[in-house]
Amino acid sequence: MAKILFKNAKLRGQAESKDILVVDGIISKIENELKCIDENNNDIKVIDLNKNLTIPPYVEPHIHLDYVYTAHTPGATNSSGTLFEGIQRWSESKNNLNKDEVKERAKIALKKQITTGIQHIRTHVDVTDKKLTALKSMLELKEELKEIVDMQIIAFPQEGMYAYKGGDELVEEALKMGADVVGAIPHFEYTREFGEKSVKKAIELALKYDKLIDIHCDETDDEQSRFLEVLAAHSYIEGIGEKVTASHTCAMHSYNNAYTYKLFKLLKESKLNFIACPTENIHLQGRFDTYPKRRGITRVKEMVEAGLNVCFAQDSISDPWYPLGTGNLMNILDSGIHICQMMSFEEINNSLDLITINGAKTLNIEKNYGIKVGNKANFIVLNAKNEFEAIRERVGVLYSIRNGKVLFEKIPEVIKSNCDFIR
Ligand code: FE2
């Protein structure tokens, strides 16, 4: 049996540090002062975590890995900064994709994500492509990298299920090929009727193939965009809300409060999950406003206070929708709590939930997620002693532990200087 003992792990919500004993990749004990020798008096390998904050791995619930690093490819530059120009530019420039090229770009992004502490990723993949090139790339990557990262793949019709002829059939084909989640983009369909039809089709396909659902829902400042109520109501009627995610829901930022009050009752009853993309949507939304300009981020603070499950995501890394992005969720969290005004002491202390457990619930992996006896020994160690310090300093990761093994260790930066004050 392979044993390893992690000493002095500072777990969230606990005053004292604990020791974590891992046997064959599974957490066996979490106790005070565990011994470094086993029952046969053999030494157990020890890693001292020095009372640093030890948490479950980050969860990236919404990224477009097939688009990464395409912001500057010929024809892909988005000069208006709007969602709709992003879709147009992608449509015009995506014909030259090949499987290896998509994989190589995605691997660069994945390496960045993994080395900032992410171990669980849900990626959208554009299936409005009759060759399904990107999907084939991502299915291969998921298999090749399964020992170091868990990936869910969304069959996402970027150009619509109906605005793109045969889009609904391509989504179904992608599910048959192995995609885990059904996607849709109702606010991009040509009419309200087609948008509703796409939401209902997504639910029909999810039920038929026993898949999860994640809809790009109301990613617009148009206060008349109300596909969220359609998604929530039908999910509620089918009793599948916990398997369903509404991404973006930016229009909720612009809904009137009377309507939102009524909507929240349905959202609570439906048990839907929500993903907000703070940097992406502060960039894309408000583009048709003069001043004041709307932030365009959904009502994260109010949703959290209402007990709804909300998590944060990067969404894009240097693509036609968003030119920057590093994949580091600590940056996204920092932006998100500022933009959403979630800056009380308690909110800051709790905010790691937005990139850990809340994301795990959204991905429907929460049963086996977390630092608990019996779970796989998957966790990360931050360069901070508590949550507040971690957020204030936007700290990096010292260790990422996967199945009880050190996936990587990072040495904190060293400053060399002749100046006494700096040294
Ligand atoms: Fe997206």
TODO: Please give the number of the condition Ile27 fails out of (1) hydrophobic (A, V, I, L, M, F, W, C); (2) over 28 Å from the mean Cα position of the chain (by Cα); (3) surrounded by 15 or more Cβ atoms within 10 Å (Cβ to Cβ).
DONE: (2)
TODO: For Glu189, indicate whether it is out of contact with any strand residue (DSSP E or B) (no Cβ under 9 Å at 6 or more places or on another chain), under 19 Å from Ala246 (Cα atoms) and surrounded by 21 or more Cβ atoms within 10 Å (Cβ to Cβ).
DONE: yes
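Select from segment 176-228 the residues that are acidic (Asp, Glu), more than 29 Å from Asp150 (Cβ to Cβ) and within 23 Å of the chain's Cα centre (by Cα) and list them in ascending order. Talk me through it step by step, then tell me what you get.
Within segment 176-228, the subset acidic (Asp, Glu) is 180, 189, 193, 196, 204, 210, 214, 218-219, 221-223.
Restricting the remaining residues to those that are more than 29 Å from Asp150 (Cβ to Cβ) gives 189, 193, 196, 221-223.
If the condition is that a residue be acidic (Asp, Glu), more than 29 Å from Asp150 (Cβ to Cβ) and within 23 Å of the chain's Cα centre (by Cα), then Asp221 is the only one that fits.
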Task: Condition check for Thr123: surrounded by 24 or more Cβ atoms within 10 Å (Cβ to Cβ) and at pLDDT 85 or above - done: yes
TODO: Could you list, in sequence order, all residues of segment 311-359 that are among the hydrophobic types (A, V, I, L, M, F, W, C), in a loop (DSSP other than H, G, I, E, B) and at pLDDT 95 or above?
DONE: Ala313, Ile317, Leu324, Cys340, Met342, Met343
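Return yes or no: is Tyr291 in a loop (DSSP other than H, G, I, E, B) and away from the ligand (no atom under 16 Å from the Cβ)?
Numbers: in a loop (DSSP other than H, G, I, E, B): yes; away from the ligand (no atom under 16 Å from the Cβ): yes.
It is true that Tyr291 is in a loop (DSSP other than H, G, I, E, B) and away from the ligand (no atom under 16 Å from the Cβ).
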TODO: Return the total of residues in segment 219-240 being of a type outside the set (Ser, Thr, Tyr), more than 16 Å from the ligand (Cβ to nearest atom) and in contact with a strand residue (DSSP E or B) (Cβ under 8 Å, 6 or more places away or on another chain).
DONE: 2
TODO: Output the number of the condition that Leu110 fails; it satisfies all remaining conditions of (1) in contact with a strand residue (DSSP E or B) (Cβ under 8 Å, 6 or more places away or on another chain); (2) more than 25 Å from Ile357 (Cβ to Cβ); (3) at pLDDT 95 or above.
DONE: (2)
TODO: Can you run down the residue pairs with Cβ atoms below 9 Å, 6 or more apart or on separate chains, where the first is in segment 119-138 and assigned to a helix (DSSP H, G or I) and the partner is within 16 Å of the ligand (Cβ to nearest atom) and of a type in the set (Ser, Thr, Tyr)?
DONE: Ala134/Tyr67; Met138/Thr123
Open item on the list: Which condition from (1) under 18 Å from the mean Cα position of the chain (by Cα); (2) within 16 Å of the ligand (Cβ to nearest atom); (3) surrounded by fewer than 21 Cβ atoms within 10 Å (Cβ to Cβ) is the one that Ser316 breaks?
Closed with: (3)
- [ ] Being within 13 Å of the ligand (Cβ to nearest atom) and either in contact with a helix residue (DSSP H, G or I) (Cβ under 6 Å, 6 or more places away or on another chain) or assigned to a loop (DSSP other than H, G, I, E, B) (or both) is the filter here, so list the residues in segment 243-277 that pass it.
- [x] Thr245, Ala246, Thr249, Cys250, Ala276, Cys277
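The values are calculated or read from the model by the stated rules, or taken from the named source; none is laboratory data. Please read these numbers as outputs of a predicted model, since none were measured by experiment. No Cβ is skipped: glycine too gets one built from the backbone with ideal geometry, and neighbour counts run over all protein chains shown.
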